[in-house]
Structures are given as structure tokens and as C-alpha cells.
Amino acid sequence: MSDAHSPCTCLICKDYGDRDRLENFQLRTIVHITEYGWSVVLVHPEDDVPGWAYTIGLWHSHGAPELAMFGGDVYEMEELLNALGRQTADGHAPKDGERRDGVVRGHQAAFREVDQRWYDPLFEGAAAFYRQPPPPMLQVVWPNGEGLFPWQPGTELPFRRSQPWLWLPPRQHPSNIWTQRL
């Protein structure tokens with residue numbers, strides 16, 4: 001569970017008076033979290049919007065930030081988030097600003113804290129599960145084949161746009177497919 005300074009406000013820890021009216025998604029999420037410690041939500045690509053995946057339950061089970069990844073194959077991102085979830089369960093939760101080797105296709109990943117203004121448009125399942133306040137979330141940013149992150153010189157524009165920069169407040173984020181979701 002989360003620490004005493006930030007109590008968990010999820011559907012498991014707090015009765016909001018609507019447990020008998022939860023949707024199948026919420027019930028399935030509760031079962032996954034109860035059985036495994038977290039759940040991974042997949043958002044499949046649609047039209048010109050790349051897919052993404054995120055966890056629900058790391059905060060509830062381990063007091064650790066939830067994790068999100070964008071722009072890759074959703075099933076690969078699910079595997080990577082599950083691997084990071086197991087590391088978190090073993091006491092090695094990622095931290096904001098950390099870089100960790102060997103996370104994505106043998107490359108390093110960077111972890112950046114997500115600005116909470118992105119929660120409702122991108123992480124609806126987590127927002128509904130935790131209600132308020134939302135728990136901390138880290139974006140797992142992956143590099144291109146040369147090991148460059150989207151913000152580094154030398155990356156191509158399509159790669160830069162495949163992952164939002166959620167550590168920026170929405171008003172500071174370059175206008176693109178991600179800001180259109182707001």
C-alpha cells in the first residue's frame with residue numbers, strides 16, 4: 001500500500017458507494033490487481049494516433065508510481081510494463097529522472113514524471129480506479145534504434161511525435177495528435 005502521507009484512494013481501499021455498479025473494466029482491473037499486484041491497460045492505435053499502454057495498481061500494491069509507454073506495439077509495451085512491474089514488486093521501482101539500461105530492446109529507457117493534467121484524456125481507467133487525487137505516474141520513454149531519445153538532436157520527426165512529452169504541462173507541449181486529446 002501507499003505511504004501514510006499519500007493514502008490510496010482506489011476503489012479497493014475506499015468505498016465510494018458505487019461498488020455494486022462498477023463496470024466490467026473496473027471489476028477486471030480489481031481482479032488483476034488483487035491477483036498480480038497491477039494491471040496493464042492497452043490502448044490500441046487508431047487512425048493517426050499511435051497506441052499506448054499504462055499500469056493501474058502499482059500505487060495501490062507497492063506505493064510506487066504508475067507507468068505509461070507510448071508509440072510502440074501495444075503487446076510489446078505490455079510485456080515491458082509487466083517486467084517493470086515485477087522489478088517494482090521486487091523493490092526496484094523507477095524514479096523520476098532515472099535512466100535504466102536494457103529496458104527496451106536492449107536500450108536504455110528514461111523515466112519522466114507525468115503532469116497530472118494529462119490524466120483524464122490519456123489515462124481514463126487509472127483516473128476512474130483511483131478517483132482522486134490521482135497517484136504519481138512516470139512515462140517510460142524509449143529511444144530510437146540508435147539509442148537517441150525523442151528530445152535529442154538527430155531523431156526524425158515521426159519518431160519525436162510517436163511519444164508525447166507528458167512531463168510538460170499541456171500548454172507547453174507542441175501542438176500535435178496528443179494535445180488534440182485534451
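The values are calculated or read from the model by the stated rules, or taken from the named source; none is laboratory data. Quick caveat, the model's predicted, so the values are computed rather than measured. Counting neighbours? That spans all protein chains shown, and the Cβs are built from the backbone with ideal geometry, glycine included.
Pairs linking a residue in the stretch 153-165 that is closer than 20 Å to residue 138 by Cβ to a residue that is of a type in the set (Phe, Trp, Tyr) and modelled with pLDDT of 90 or more, with Cβ atoms under 8 Å and 6 or more positions apart or on different chains, are 160/151; 162/70; 163/70; 163/142; 164/70; 164/118; 165/151. Is one or more of the residues making up the stretch 13-25 surrounded by 15 or more Cβ atoms within 10 Å (Cβ to Cβ), free of Cβ contacts under 8 Å to residues at least 24 places away in the same chain, among the hydrophobic types (A, V, I, L, M, F, W, C) and not in a helix (DSSP H, G or I)? The answer is yes, given that some residue of the stretch 13-25 is surrounded by 15 or more Cβ atoms within 10 Å (Cβ to Cβ), free of Cβ contacts under 8 Å to residues at least 24 places away in the same chain, among the hydrophobic types (A, V, I, L, M, F, W, C) and not in a helix (DSSP H, G or I). Counting just the residues of the stretch 103-113 that are modelled with pLDDT of 90 or more and over 14 Å from the mean Cα position of the chain (by Cα), which one comes out farthest from residue 54 (Cα to Cα)? Here the residue is 108. In the set 116, 139, only one residue is under 21 Å from residue 171 (Cα atoms), surrounded by fewer than 17 Cβ atoms within 10 Å (Cβ to Cβ), modelled with pLDDT of 90 or more and of a type outside the set (Lys, Arg); that residue is 116. Counting the residues of the stretch 59-109 that are without any contact (Cβ under 8 Å) to a residue 24 or more places away in the chain and within 22 Å of residue 125 (Cα to Cα) gives 5.
For residue 56, the conditions (1) β-branched (Val, Ile, Thr); (2) modelled with pLDDT under 95; (3) in contact with a Phe, Trp or Tyr (Cβ under 7 Å, 6 or more places away or on another chain) all hold with the exception of (2). Residue count for the stretch 153-174 satisfying the condition of being more than 18 Å from residue 122 (Cα to Cα) and not charged (D, E, K, R): 6.
Just one of (1) out of contact with any helix residue (DSSP H, G or I) (no Cβ under 8 Å at 6 or more places or on another chain); (2) within 15 Å of residue 135 (Cα to Cα) fails for residue 17. It is (2).
Only a single criterion out of (1) of a type outside the set (A, V, I, L, M); (2) modelled with pLDDT of 95 or more; (3) in contact with an Asp or Glu (Cβ under 8 Å, 6 or more places away or on another chain) is not satisfied by residue 51, namely (2).
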